[in-house]
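The values are calculated or read from the model by the stated rules, or taken from the named source; none is laboratory data. Worth saying up front: this structure is predicted, and the values here are computed from it rather than measured. Cβ: placed from backbone, ideal geometry, glycine included. Neighbour counts: every protein chain shown.
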Amino acid sequence: MIKQFAVAGLAAALSMGMASSALAEWPEKPIKVIVPFKAGGTSDQVTRAFQVAIQESEILPQPLTVVNVGGHFSIGARQVMEANPDGYTFLTLHIALMGGEAAGLFPFGYRDFTPVATTGEFCVLPVVRKDSGIDSVEQLLEKAKDEPDTLIFGANLGAINHMGGIQLENLVDGAKFRFVQIGGGTANFTALMGGQTDASVLSAAEVANFTLNPDGTELSDAQIKPLAYTGPERLESLPDVPTLQELGYDMNYCIQSWWFAPKGTPQEAIDGLAQALEDASGTDRVAKFYKDKMFGSVFLKGDEMAASLDETWDRIEPVAKQAAQK
Amino acid sequence: MIEGLFGALAHLMTPLPFLYVLIGTVSGIIVGAIPGLSGAMLIALTLPLTFYMQPVNAVILLIGMYVGSITGGLITATLLRMPGTPSNVVTTFDGHPMAMAGKPGRALGLGIAASFIGGLVSWVVLLFLAKPLSIWATRFGPFEYFTLILMAMVLIASVTQGSMVKGLVSGFLGMLVSMPGVDPSSGQPRLTWDWYVLNGGLKLLPVLIGIFAVSQVIGDIVTIGKRMERIETRVSGMLMSFKDWRDQAFNMLRSSLIGTWVGILPGIGASIGSIMAYTAARNMSRKPEEYGKGSEEGIVASEAANNATIGGALIPLIAMGIPGSVIDAILIGALMIHSITPGPTLFITNGDVVWAMIATALVANVVMFLAMMGSVRLVARIMYVPRTFLLPVILVFCIIGTFALDNTMFDVWVMLIFGVVGYAMERAGFPLGPFVIGFVLAPLMEEKLRSGLMMTAGSIEPIFTRPLSLTFLIIAILLLLTPFFRVWREGRARRRAATAAAAADEA
């Protein structure tokens, strides 16, 4: 008995010793994080917020270096996929990766990376013009059903907002928007302001930014209004906007920030970065960033993250296929 | 308003903020002047530094860089025919011929003064008209954009000298080169031959730096054995005389306003501003035959407009949180890290940051003017630095800059290949101007037209029924016809003269 304990204790001590010495080896040089978009976008901001938090709070002995690879996001993603898996190259990306894979844009997908962590999520709101006479999601979808292909829905075709619009359409049989290429959030806000389009989906931060005063009251000259929220619970800053689930629709559409590593990256580097990101998620810097951007503060890693990715894929694959046909 | 502005100006005059304006503007000028390195790149690389600065000072530094970089590009565009940044391409059309004619000082002086005025005009618009203009800009639908860009596209015909066929071929080649990549209107890749690096398309900076700067480097290398003709140079004339100001005043104002307006419209940048101002200037000019051979008006139009886009692009950013240019989008990213969200309420939430932006746009413009004027004498000598020293340095910067743009080696290859293409085109007598115009404008034109067609389910009727769009269309047609009309009128005048002479002979 005593002998068994001693052996177990020794083994535990040994493995702990090994683990800590292994961890001590990583990271021994700066860690490169590839953001497959130009500087300034949401993915870039998330990555940089964590970069700053990790450095400020001295969570890792080495800094993260953010590298923006512009052009199409598949280029940066491919760079990471094919990078030497030495534990010093990572990728931050979101649901676009799945959308592109499902639409057949590129012959690889999230399964070709090792998931590291999920850090935060933002959900979206269907919006219309104030003078549209539409006051609820029900009315919006009814109109899209009664007069199919007339409501102009601004989107970036194939991207996040387009997939959001398609999921909305799918809530009611026969509902159909006329999707028009406009671009991302700000471009769609501009188009709605100018009356070029009738509807779109915007992120929570965009809606708040374009329609609310700093004290939370509504901006008098805002031309748009949100109809519902695709997240699990109502937003603190938009308490009157119901969630789709409350309204009885089975739709939840939130965009999470994913950190990936190339396949074959040493486990200690994956665990090391995941731990650092988890610690950084608890810092004031990141908390404040989440609050400003109206992000949900979700954090996942390991098996939990893998399961969540598979679940998202099952949900988004058919939607992305639909988007590619339009 | 007065309080906010003067408060910010006072802050700018304190040592540390002033140092930031100075560093920002001067580093902007230097980076802008180096072909391959662009302002957007400098600002993106400076971002991590600004996270640790006061938000107001961060903005001061970044706006200074923005102003400096767009102006700096005119130095190399004029002296070496290598545009420092894509927005200075049009400046090479007339700046370089004038410099080669022995007047580099004057060419630079005109460019600098025009830049200064362009910056000032757009600044005044920014100060007084930000809100109404940015709301009006949202009414600009896809068909208005389409016809507006069509107006600039017509310039292909006007900038072509010599064979019209070669000009058109060059223009179409430019359009073709802009096609590969993920199709902006459907999200599907096209003309990429399953080659994933082409998904991002052939980007503006690598292609333009290749076609202009690298091709020029190749050309200079080929002729390096020949002794440079040491033409007599006069740096004098760099300060514009009263007569110059009078002659150029209207052109400057028009070009500045065009640049400001193009800046306000989200998504179309400084290069398009200078192309449009150049089109307008040439078509209204009394001496259109001088364009492309060292026209003073051409330099002024291009430089006034590209600097005016800065103030213009800040307008929707400040009034509505909509970035008017690539650099503005990066600025938004910088502000977000400081928990400042640009938007319609920015004036309320962070008035100090807004006023710092506006004040810096003015002060940086003045710093730019003084720094450039003060160094013209020195800078103009670049023309006579032995090419053996100059060319390798430029090539290295082109490569570093192009790589740093998006951190892909593919862009560097694109740049080098287009260097060879550009050189071959020049040798074969295909003008490069139309290539750039086709390359820069075609993607936007296509995207806007297709958005419009999606909205109307395939009908082009709104082009003719929306008043602004119809107006732009008519102007475009008139612009297209002017050169022919001119030829016809000259022909008629010649015939008349001939008959008159014949009549005189008979008498």
Which of the helices (runs of 4 or more DSSP H) contained wholly in segment B:40-145 include at least 2 residues that are buried (at least 24 other Cβ atoms within 10 Å of the Cβ), touching a residue at least 12 places away in the same chain (Cβ under 8 Å) and charged (D, E, K, R)? none
Can you find a residue that is closer than 28 Å to A:I54 by Cα, among the small types (G, A, S), assigned to a helix (DSSP H, G or I) and within 14 Å of another protein chain (Cβ to nearest Cβ) anywhere in segment A:95-105? yes
Within segment A:40-82, residues being at the interface with chain B (Cβ under 7 Å from one of its Cβ atoms), of a type outside the set (S, T, N, Q) and either in contact with an Asp or Glu (Cβ under 8 Å, 6 or more places away or on another chain) or farther than 16 Å from B:I332 by Cβ (or both) number 8
Close pairs from segment B:372-383: first over 12 Å from B:I112 (Cβ atoms), partner at pLDDT below 80, Cβ under 6 Å, at least 6 apart: B:R377/B:V235
Might you check whether a residue that is small (G, A, S), surrounded by 23 or more Cβ atoms within 10 Å (Cβ to Cβ), out of contact with any Ser or Thr (no Cβ under 9 Å at 6 or more places or on another chain) and closer than 27 Å to A:A204 by Cβ occurs anywhere in segment A:127-137? no
Of all residues in segment B:408-440, which are in a helix (DSSP H, G or I), within 23 Å of A:F37 (Cα to Cα) and either out of contact with any Gly (no Cβ under 6 Å at 6 or more places or on another chain) or within 12 Å of another protein chain (Cβ to nearest Cβ) (or both)? B:M409, B:F410, B:D411, B:V412, B:W413, B:V414, B:V440
Segment B:298-339: number of residues that are more than 9 Å from chain A (Cβ to nearest Cβ) and more than 19 Å from the chain's Cα centre (by Cα): 5
Filter result (surrounded by 16 or more Cβ atoms within 10 Å (Cβ to Cβ) and farther than 16 Å from A:T119 by Cα) within segment A:267-292: A:E268, A:A269
Name the residues in segment B:173-199 that are at positive phi and away from chain A (no Cβ under 11 Å), would you? B:L191, B:W193
Applying the selection to segment A:166-184, what residues are more than 7 Å from chain B (Cβ to nearest Cβ) and either touching a Ser or Thr at 6+ places or on another chain (Cβ under 6 Å) or assigned to a loop (DSSP other than H, G, I, E, B) (or both)? A:N170, A:L171, A:V172, A:D173, A:G174, A:A175, A:K176, A:F177, A:G183, A:G184
Only helices (runs of 4 or more DSSP H) wholly contained in segment A:253-326 count here; list those with 1 or more residues that are of a type in the set (F, W, Y) and touching a strand residue (DSSP E or B) at 6+ places or on another chain (Cβ under 9 Å). A:284-293
For residues in segment A:30-39 being more than 9 Å from chain B (Cβ to nearest Cβ) and assigned to a loop (DSSP other than H, G, I, E, B), which is surrounded by the most Cβ atoms within 10 Å (Cβ to Cβ)? A:P36
Of the candidates A:F260, A:F295, the one satisfying the condition of being in contact with an Asp or Glu (Cβ under 7 Å, 6 or more places away or on another chain), surrounded by 19 or more Cβ atoms within 10 Å (Cβ to Cβ) and either more than 14 Å from chain B (Cβ to nearest Cβ) or under 24 Å from A:I160 (Cα atoms) (or both) is A:F295
On the basis of being assigned to a helix (DSSP H, G or I) and either under 17 Å from B:S451 (Cβ atoms) or facing chain B (nearest Cβ under 8 Å) (or both), does A:F189 make the cut? yes
Given (1) in contact with a Leu (Cβ under 9 Å, 6 or more places away or on another chain); (2) under 20 Å from A:V46 (Cβ atoms), identify the lone condition not met by A:A323. (2)
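Residue-by-condition table, conditions (1) crowded, with 19+ Cβ neighbours inside 10 Å; (2) in contact with a His (Cβ under 9 Å, 6 or more places away or on another chain); (3) within 14 Å of chain B (Cβ to nearest Cβ):
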{"residue": "A:D198", "(1), (2), (3)": "yes, no, yes"}
{"residue": "A:A205", "(1), (2), (3)": "yes, no, yes"}
{"residue": "A:T211", "(1), (2), (3)": "yes, no, yes"}
{"residue": "A:S220", "(1), (2), (3)": "no, no, yes"}
{"residue": "A:L227", "(1), (2), (3)": "yes, no, no"}
{"residue": "A:P232", "(1), (2), (3)": "no, no, no"}
{"residue": "A:S237", "(1), (2), (3)": "no, no, yes"}
Can you tell me which residue among B:L346, B:L405, B:L370 is under 23 Å from B:A58 (Cα atoms), surrounded by 23 or more Cβ atoms within 10 Å (Cβ to Cβ) and either within 14 Å of another protein chain (Cβ to nearest Cβ) or over 21 Å from the mean Cα position of the chain (by Cα) (or both)? B:L405
